[in-house]
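**Q** Here it is, the structure in full.
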Amino acid sequence: MAVAPLTDEQREIRDLVRTLARERIAPRAAEIDESHEFPWDIVELYREHGLFGLFFDEEYGGLGTGTLLALTAIEEVSKVCATSGLILAVQELGSLGLKLAGNDEQKERYLPRLASGEWLCAYALTESGSGSDSAAMRTTARRDGDDYVLDGSKRFITNAEVANLYTVFAKTDPQGGHSGISAFVVESDTPGFQVARLEPKMGISGSTTGELVFEDARVPAANLLGQEGDGFKIAMRILDRSRPGIAAQGLGLAQGATDYALEYAKTRETMGKPIAQHQLIAAKLADMETACEAARGLLYKFGQLVDDGVDGPELTKASAQAKLFCTDTAMWVTTEAVQILGGYGYIREYPVERMMRDAKITQIYEGTNEIQRLVIAREMLKENRAFLLAGVG
Ligand SMILES: Cc1cc2nc3c(=O)[nH]c(=O)nc-3n(C[C@H](O)[C@H](O)[C@H](O)COP(=O)(O)OP(=O)(O)OC[C@H]3O[C@@H](n4cnc5c(N)ncnc54)[C@H](O)[C@@H]3O)c2cc1C
């Protein structure tokens, strides 16, 4: 499928994001990494320029410019700062439950505040004993009058402490397996809900990752998304649409590292010439650039499918392929960039070591890349391609 180019209006917005990334975010990236502090100034920058609106429809105060453009925005920011790119991606992740399964009242209550960036949001599926096997979750939600009472905990939740709204998954029927799970939106000031701790990490240091604890936390029944028992399906539909945000983060990291390594290789000389003119380095650069372009093809194809209204198995497979390939590319390309810079690549003064540390998480969260391979293979096994083999053999 050929990917349609961005319209003039979309290109203008992409270029604005690119300029903001280069001029306002890039100079902050190393500090954000060193300080391990959530970058509220970057959130303010996004608010000022309406960038959170990229992820929302016009009727809720968003720009209504579509998924392809939103993905390119995450890519542009992540070229210079993966933590800042993640802030955009998680505004999508944390709000998709409302967009896909919320009723009109819930959407009107929350989406405008998320579209403006007045509120940040989060997605809370993982627990200490259930990551890839999310149906093994133990957090429960018991109906009591007009409320649900939540008990349990969630682990590794991005935007813990900075989010105002959490999409939380819990078992309304503890014996019910997948169909015993329900989804809720939980406001951060809900009595009985607290962030117990934040995790120190290898990379994306400015992003908060925390443990959420629910002790008799009363959530209004009006905050149930869809029907009781819909939670697992909602969680998976959200991930189908949000994973490419992580793919865009990975692609940004890979392209940012390629661009940096290229400029370095043009000026660093050994044996009387720039290292870019040594064939082994030139070949690395060529492979890095080609991998980025291939990854971009998969990512933009996904964006185009969503903008064309495609849903179902085709979208699931395209999402997993984009996530898998973009993030494996991020890890490989950033490691090659460190190699091209030699000893300088390994020290903090140069950004590629940060990019390499940041890249690792993209292969893990929102479904590890092992899980993406399982998803892709599962979809392949459902397809019937026997007709392609007619006459073969
Ligand atoms: C920084 C960070 C941010 C995160 N943000 C969020 C968030 O915002 N919200 C949220 O809900 N979660 C979040 N997570 C959790 C993340 O999605 C999980 O860590 C991830 O899904 C893996 O789960 P796990 O850590 O329990 O690993 P496990 O599921 O225990 O997996 C361990 C290993 O086994 C492999 N494996 C597991 N099952 C299979 C299988 N069937 N076949 C083959 N291999 C398998 C995995 O790929 C992995 O390599 C975050 C995690 C981190 C570290």
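The values are calculated or read from the model by the stated rules, or taken from the named source; none is laboratory data. Small disclaimer: the values here were computed from a predicted structure and weren't measured. Quick reminder, even Gly has a Cβ in these numbers, built from the backbone with ideal geometry, and neighbours come from all protein chains shown. Only protein heavy atoms, including side chains, enter the accessible area calculation; ligands, DNA and RNA are left aside. Shrake-Rupley method; radii C 1.70, N 1.55, O 1.52, S 1.80 Å.
**Q** Scan segment 17-39 for residues that are free of Cβ contacts under 8 Å to residues at least 60 places away in the same chain and open to solvent by 70 Å² or more (accessible area, probe 1.4 Å) and jot them down.
**A** Going residue by residue through segment 17-39, those that are free of Cβ contacts under 8 Å to residues at least 60 places away in the same chain are 18-20, 22-28, 31.
Scanning segment 17-39 gives R22, E23, R24, P27, E31.
**Q** Also, I was wondering about something else. Considering only residues that are among the small types (G, A, S) and not in a strand (DSSP E or B), look in segment 141-162 and name the one that is nearest to the ligand (Cβ to nearest atom). Break it down into steps so the answer makes sense when it comes.
**A** Quick first cut of segment 141-162, residues among the small types (G, A, S) only: 141, 145, 152-153, 160.
Restricting the remaining residues to those that are not in a strand (DSSP E or B) gives 145, 160.
Numbers: G145: 29, A160: 8 Å.
Checked segment 141-162; the qualifying residue nearest to the ligand (Cβ to nearest atom) is A160.
**Q** Being polar (S, T, N, Q), open to solvent by 10 Å² or more (accessible area, probe 1.4 Å), within 16 Å of the ligand (Cβ to nearest atom) and within 23 Å of T290 (Cα to Cα) is the filter here; which residues of segment 328-385 pass it?
**A** Once the filter is applied, which keeps residues that are polar (S, T, N, Q), open to solvent by 10 Å² or more (accessible area, probe 1.4 Å), within 16 Å of the ligand (Cβ to nearest atom) and within 23 Å of T290 (Cα to Cα), segment 328-385 yields only Q363.
**Q** Which ones in segment 363-393 are closer than 24 Å to E127 by Cβ and either out of contact with any Ser or Thr (no Cβ under 7 Å at 6 or more places or on another chain) or free of Cβ contacts under 8 Å to residues at least 12 places away in the same chain (or both)?
**A** Within segment 363-393, the first condition is being closer than 24 Å to E127 by Cβ, and the residues that meet it are 363-375, 378.
Answer for segment 363-393, where residues must be closer than 24 Å to E127 by Cβ and either out of contact with any Ser or Thr (no Cβ under 7 Å at 6 or more places or on another chain) or free of Cβ contacts under 8 Å to residues at least 12 places away in the same chain (or both): I364, Y365, G367, E370, Q372, R373, L374, R378.
**Q** If you check every pair at least six apart or on different chains, which have Cβ atoms under 6 Å apart with a residue in segment 191-202 that is of a type in the set (S, T, N, Q) first and a residue that is modelled with pLDDT of 95 or more second?
**A** These pairs meet every condition: Q194/V213.
**Q** Sort out which residues of segment 324-359 are in contact with a Phe, Trp or Tyr (Cβ under 9 Å, 6 or more places away or on another chain) and not hydroxyl-bearing (S, T, Y), and write them in order of number. Give the steps one after another, and end with the answer.
**A** In the first step, residues of segment 324-359 are kept if they are in contact with a Phe, Trp or Tyr (Cβ under 9 Å, 6 or more places away or on another chain); the result is 337-338, 340-341, 344-345, 350-353, 355, 359.
Selection gives A337, V338, I340, L341, G345, P351, V352, E353, M355, A359.
**Q** If P174 passes every condition in (1) away from the ligand (no atom under 16 Å from the Cβ); (2) at pLDDT 95 or above; (3) open to solvent by 10 Å² or more (accessible area, probe 1.4 Å) but one, which one does it miss?
**A** Every listed condition holds for P174 apart from (2).
**Q** Separate question: Filter segment 242-274 down to the residues that are closer than 12 Å to A89 by Cβ and either among the β-branched types (V, I, T) or open to solvent by 50 Å² or more (accessible area, probe 1.4 Å) (or both) and list them by number.
**A** Listed by number, the list holds a single entry, I246.
**Q** While we're on this one: Take A322 and tell me if it is farther than 12 Å from I246 by Cβ, more than 16 Å from the ligand (Cβ to nearest atom) and open to solvent by less than 40 Å² (accessible area, probe 1.4 Å). Give the steps one after another, and end with the answer.
**A** On the way: farther than 12 Å from I246 by Cβ: no; more than 16 Å from the ligand (Cβ to nearest atom): yes; open to solvent by less than 40 Å² (accessible area, probe 1.4 Å): yes.
For A322, the condition - farther than 12 Å from I246 by Cβ, more than 16 Å from the ligand (Cβ to nearest atom) and open to solvent by less than 40 Å² (accessible area, probe 1.4 Å) - is not met.
**Q** Find all pairs meeting these conditions: Cβ atoms under 8 angstrom apart; at least six residues apart or on different chains; first residue within segment 204-228 and over 22 Å from G176 (Cα atoms) and within 16 Å of the ligand (Cβ to nearest atom); second residue among the acidic types (D, E) and open to solvent by less than 10 Å² (accessible area, probe 1.4 Å).
**A** Pairs found: I204/D358.
**Q** Among residues belonging to segment 208-257 that are among the hydrophobic types (A, V, I, L, M, F, W, C) and in a strand (DSSP E or B), point out the one that is nearest to K99 (Cα to Cα). Please lay out each step first, then the result.
**A** Of all residues in segment 208-257, those among the hydrophobic types (A, V, I, L, M, F, W, C) come to 212-214, 217, 219, 221-222, 224-225, 232, 234-236, 238-239, 246-248, 251, 253-254, 257.
Now restrict to residues that are in a strand (DSSP E or B): 212-214, 217, 219, 224-225.
Details: L212: 23, V213: 25, F214: 24, A217: 24, V219: 19, L224: 13, L225: 10 Å.
Top of the filtered list is L225.
**Q** Go through segment 95-134 and give me each residue that's assigned to a loop (DSSP other than H, G, I, E, B), open to solvent by less than 30 Å² (accessible area, probe 1.4 Å) and within 16 Å of the ligand (Cβ to nearest atom). Before you say what the answer is, go through the steps one by one.
**A** Narrowing segment 95-134 to residues assigned to a loop (DSSP other than H, G, I, E, B): 102-103, 117-120, 125-126, 128-129, 131-133.
Filter again for open to solvent by less than 30 Å² (accessible area, probe 1.4 Å), leaving 102, 117, 120, 125.
Residues satisfying the conditions are L120, L125.
**Q** If you don't mind, another one. Looking at (1) under 28 Å from F169 (Cβ atoms); (2) free of Cβ contacts under 8 Å to residues at least 40 places away in the same chain; (3) not hydroxyl-bearing (S, T, Y), find the lone condition where I87 falls short.
**A** (2)
**Q** Any idea which residue in segment 135-168 is farthest from V185 (Cα to Cα), counting only those that are basic (K, R) and surrounded by fewer than 18 Cβ atoms within 10 Å (Cβ to Cβ)?
**A** Our first condition is that a residue be basic (K, R); within segment 135-168, this holds for 138, 142-143, 154-155.
Then keep just the ones that are surrounded by fewer than 18 Cβ atoms within 10 Å (Cβ to Cβ); that gives 138, 142-143.
Numbers: R138: 18, R142: 15, R143: 15 Å.
Looking at the filtered set, the residue picked out is R138.
**Q** May I pose another question? Keeping to segment 179-203, report how many residues are open to solvent by 10 Å² or more (accessible area, probe 1.4 Å), within 16 Å of the ligand (Cβ to nearest atom) and assigned to a strand (DSSP E or B).
**A** Of all residues in segment 179-203, those open to solvent by 10 Å² or more (accessible area, probe 1.4 Å) come to 179, 187-202.
Those still in the list that are within 16 Å of the ligand (Cβ to nearest atom) too: 188, 193, 195-202.
From the residues that got through so far, the ones that are assigned to a strand (DSSP E or B) too are 193, 195-198.
Residues meeting the conditions: 5.
**Q** Can you name the number of the only condition in (1) charged (D, E, K, R); (2) in a loop (DSSP other than H, G, I, E, B); (3) within 25 Å of S130 (Cβ to Cβ); (4) more than 16 Å from the ligand (Cβ to nearest atom) that K317 fails?
**A** Single failed check for K317: (2).
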